[in-house]
Amino acid sequence: MSTPYRAPDLLIQGQWCAGQHTQSLPIVNPANAATLDQLRLASTAQIAQALQGAQAGFEVWRKVPAFERCARLEKGVARMRQNIEHIANLLTQEQGKTLAEARAECAMAADLIKWYAEEARRTYGRIVPARLPNSSMQVHKLPVGPVAAFSPWNFPLVLSSRKIGGALAAGCSIILKGAEETPASVAAMVACLAEDLPAGALQLLYGVPSELSEQLIASPIIRKVSFTGSVPVGRHLAQLSARHLKRITLELGGHAPVIVCADADIDTTVTTLVTHKFRNAGQACLAPTRFYVDQAIAGDFKDAFVAASQRLVLGDGMQSSTNMGPLANARRVAAVRDLIDRSVQAGAQAHQGQAPEGGFFAPVTVLTGVTPDMPVMQEEPFGPVVTIAPFETLNQAIQWANHSPYGLAGYLFTDSARNIHQVTQELEVGSLAVNGVAVSVPEAPFGGVKDSGYGSESGIEGMEAFLETKFVHQCV
Ligand code: NAD
């Protein structure tokens, strides 16, 4: 049964309050295109209040010892785990992914914050051997200051939790601008965490994105920016951050290559990849998309993949029989359809399944006969679209895989140590999974190269992004 849906308030200076902007936005259930509620947005004055709150919250939170920061965050994580059903239910209604995926996302977000909470106790500096007698040289790691974070709608909990967990564990305060399309699940997560935090340490805003980012990044209070989303918006925020000399971490999506060598087991590889690819209807920055398969097995691989993908049941994510939900919004359906049409016009062949009527559904689509410069090989599909191309040599597969502006995740299926070594050295990606698909875990860095952005989230590198380094040379 569905949890009653209500668009959330904003969290400013420890108080939940209604947005006072003149504009509001409809929140739409993508499974049936019905409006769930209206989201009220933050006004300029409310953004200014949040900035003051972030400064005050930072002054308090930075002085809370790391052991206690860890304990308080862990209380919030426990509350998230107790509320998984509620949060997941809201997420499925506003985003479309299946309830099973929504539960898994909430559990993953809790794991991420738990890992950062523990890591708070290990933000070690170091002692450098002194040059002078009666002196010491120390390197301190200190919180960078109030953070402005921007997270998207595809994995609203996980992608927010990477920023919230890292910032708070490091001792920073954070203003999160969640995605306006999926506000209630993020607000429910934030409510779980904020209960044990000082006012202003964690604040949540929804607004007109361009107004919010311009006001936050221009403020001298904000010391660090973190964004996950599209390349054009990332480029814009990087320019804004450069103008105000703000540190920024950017995770801007991907178009992940998959190299399947002749020694890979076809059935196991197809089963693994179909599950991973169509999670969240393919709307994942790390989703495998461009498949390069050794020509010796390419025909059998394609037949098995098309058959397995067409067995997926598409429908409302609230139904337990559903394997794949709708796309998150109407503009994604139009964008995916347009990309497929342009690629077919350029000579690709489409193997498509069925899609239900009503809601924002797109059929699973496998494109063959693709060439490296076709639209679908250069533009991120961000939907249930896969391309399959046969290769003759591993050198050729790597060259094609690197012929992309993106470089986030990559996948390799082979037992050959020589192949693994070559792909590890030469594939232009930030994360590589070999004979598996787990490219993102809380304890390891996740980030991209080329247009996929810069900087890492998760792992000690993710924590480092919220710390600054201070050298102290002390003489007696
Ligand atoms: P978009 O570029 O319109 O918006 C992406 C996100 O950025 C949204 O949450 C939006 O609220 C925010 N945003 C937009 N303008 C902003 C601004 N000026 N300041 C601050 N935030 C701003 O893209 P979209 O239509 O939502 O998604 C399309 C593309 O975005 C996808 O095809 C995909 O490539 C990319 N995307 C990537 C990720 C990721 O995980 N890296 C997530 C979502 C979307």
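Here are the numbers:
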quantity	calculated
Answer residue from region 372-383, given it is more than 13 Å from the ligand (Cβ to nearest atom) and in a loop (DSSP other than H, G, I, E, B) and is surrounded by the fewest Cβ atoms within 10 Å (Cβ to Cβ) among those	Asp373
Count of residues meeting criterion [in contact with a His (Cβ under 9 Å, 6 or more places away or on another chain) and on the phi > 0 side of the Ramachandran plot] in region 280-320	0
Filtered residues of region 21-39 (kept if part of a strand (DSSP E or B) and open to solvent by 40 Å² or more (accessible area, probe 1.4 Å))	Ser24, Leu25, Pro26, Val28, Ala34, Thr35, Leu36, Asp37, Gln38
Residue in region 223-236 that is nearest to the chain's Cα centre (by Cα), counting only those that are surrounded by 22 or more Cβ atoms within 10 Å (Cβ to Cβ) and more than 9 Å from the ligand (Cβ to nearest atom)	Ser226
Any hit, region 129-152, residues being of a type in the set (Phe, Trp, Tyr) and open to solvent by 10 Å² or more (accessible area, probe 1.4 Å)	no
Region 436-459 - residue that is in contact (Cβ under 8 Å) with a residue 60 or more places away in the chain and in a helix (DSSP H, G or I) and, of those, surrounded by the fewest Cβ atoms within 10 Å (Cβ to Cβ)	Asp451
Unmet requirement for Leu408, which otherwise passes all of (1) open to solvent by 10 Å² or more (accessible area, probe 1.4 Å); (2) closer than 27 Å to Glu119 by Cβ; (3) within 16 Å of the ligand (Cβ to nearest atom)	(1)
Count of region 356-371 residues which are farther than 21 Å from Ala284 by Cα, in contact with a Lys or Arg (Cβ under 9 Å, 6 or more places away or on another chain) and either open to solvent by 30 Å² or more (accessible area, probe 1.4 Å) or not in a loop (DSSP other than H, G, I, E, B) (or both)	1
From Gly96, Gly57, residue being modelled with pLDDT of 95 or more and out of contact with any Phe, Trp or Tyr (no Cβ under 8 Å at 6 or more places or on another chain)	Gly57
Any hit, region 304-316, residues being within 16 Å of the ligand (Cβ to nearest atom), assigned to a helix (DSSP H, G or I) and surrounded by fewer than 21 Cβ atoms within 10 Å (Cβ to Cβ)	no
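The values are calculated or read from the model by the stated rules, or taken from the named source; none is laboratory data. All values reported here derive from a predicted model rather than from experimental measurement. Ideal geometry is used to build each Cβ from the backbone, glycine not excepted, and the neighbour counts take in all protein chains shown. These accessible areas exclude ligands, DNA and RNA; they are computed on the full protein's heavy atoms, side chains included. Shrake-Rupley method; radii C 1.70, N 1.55, O 1.52, S 1.80 Å.
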